[in-house]
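One structure below.
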Amino acid sequence: MSIERTLVLIKPDGVARNLSGAILSRIEAKGYTLAELKKVDASRELLEQHYEEHVGKPFYEPLVEFMLSGPVVAAIFEGHRVIEGFRSLAGTTDPTTAAPGTIRGDFGRDWGLKVQQNLVHGSDSVGSAEREIKIWFQD
Ligand code: DAT
Ligand code: MG
């Protein structure tokens, strides 16, 4: 067994569309354990730390603005290979092409909205998970 922890964010589109419960339910149904959960009005400073790997990319500023547009739900999930497992549940970045059966593939609106409106974030490595959990759960 390789028990990991990952940071999951339900982005402002997911919270605004009342999909938080449905999304958390899918993660729990896969067998991952909810360790921490809170609703957050993220600050620009927090988001700049969270997305520091994307500074300078064309989508960086719209992404941060989008993440500031409403509350997000931050969660820590635990389980065997949960980092990779959650990203598989989430689907690929662009909801237009994310596979059916994934969170982004099933719930992502394909109405010409922006790629950043893809409902969820999940850490992409053990190192990212540690770094991101510290940022979002400083207490
Ligand atoms: P992921 O969230 O799948 O890990 P990422 O880390 O590459 O993707 O990018 C972070 C977020 O930035 C992503 O969820 C949505 C947005 N994004 C990524 N690539 C984009 C693009 N080409 N155009 C617009 N937004 C993009
Ligand atoms: Mg990423």
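Every number in this text was worked out from the coordinates using simple rules, so none of it is lab data. These numbers were taken from a predicted model, which means no experiment stands behind them. Cβ placement follows ideal geometry from the backbone for every residue including glycine, while neighbour counts extend to all protein chains displayed.
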Going by the conditions given, is residue 129 surrounded by 19 or more Cβ atoms within 10 Å (Cβ to Cβ) and among the aliphatic types (A, V, I, L, M)? yes
Expected output for the stretch 46-61 (first residue more than 11 Å from ligand 1 (Cβ to nearest atom), partner assigned to a helix (DSSP H, G or I) and among the acidic types (Asp, Glu), Cβ below 8 Å, 6+ apart or cross-chain) is 55/48
Here are some conditions: (1) polar (S, T, N, Q); (2) surrounded by fewer than 19 Cβ atoms within 10 Å (Cβ to Cβ); (3) within 20 Å of residue 124 (Cβ to Cβ). Residue 102 meets all but one. Which one does it not meet? (2)
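One line per residue, one yes/no per condition, for (1) surrounded by 13 or more Cβ atoms within 10 Å (Cβ to Cβ); (2) out of contact with any Asp or Glu (no Cβ under 6 Å at 6 or more places or on another chain); (3) not in a helix (DSSP H, G or I):
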{"site": "14", "(1), (2), (3)": "yes, yes, no"}
{"site": "23", "(1), (2), (3)": "yes, yes, no"}
{"site": "37", "(1), (2), (3)": "yes, yes, yes"}
{"site": "42", "(1), (2), (3)": "yes, yes, yes"}
{"site": "46", "(1), (2), (3)": "yes, yes, no"}
{"site": "57", "(1), (2), (3)": "no, yes, yes"}
{"site": "65", "(1), (2), (3)": "no, yes, no"}
Any idea which of 27, 83 is surrounded by 15 or more Cβ atoms within 10 Å (Cβ to Cβ), part of a helix (DSSP H, G or I) and within 12 Å of ligand 1 (Cβ to nearest atom)? 83
For the stretch 116-133, indicate whether the set of residues that are outside any helix (DSSP H, G or I), more than 11 Å from ligand 1 (Cβ to nearest atom), over 11 Å from the mean Cα position of the chain (by Cα) and not acidic (Asp, Glu) is non-empty. no
Does residue 75 satisfy the criteria of being buried (at least 21 other Cβ atoms within 10 Å of the Cβ) and touching a helix residue (DSSP H, G or I) at 6+ places or on another chain (Cβ under 6 Å)? no
Within the stretch 86-99, of all residues that are assigned to a loop (DSSP other than H, G, I, E, B) and small (Gly, Ala, Ser), the one farthest from ligand 2 (Cβ to nearest atom) is 99
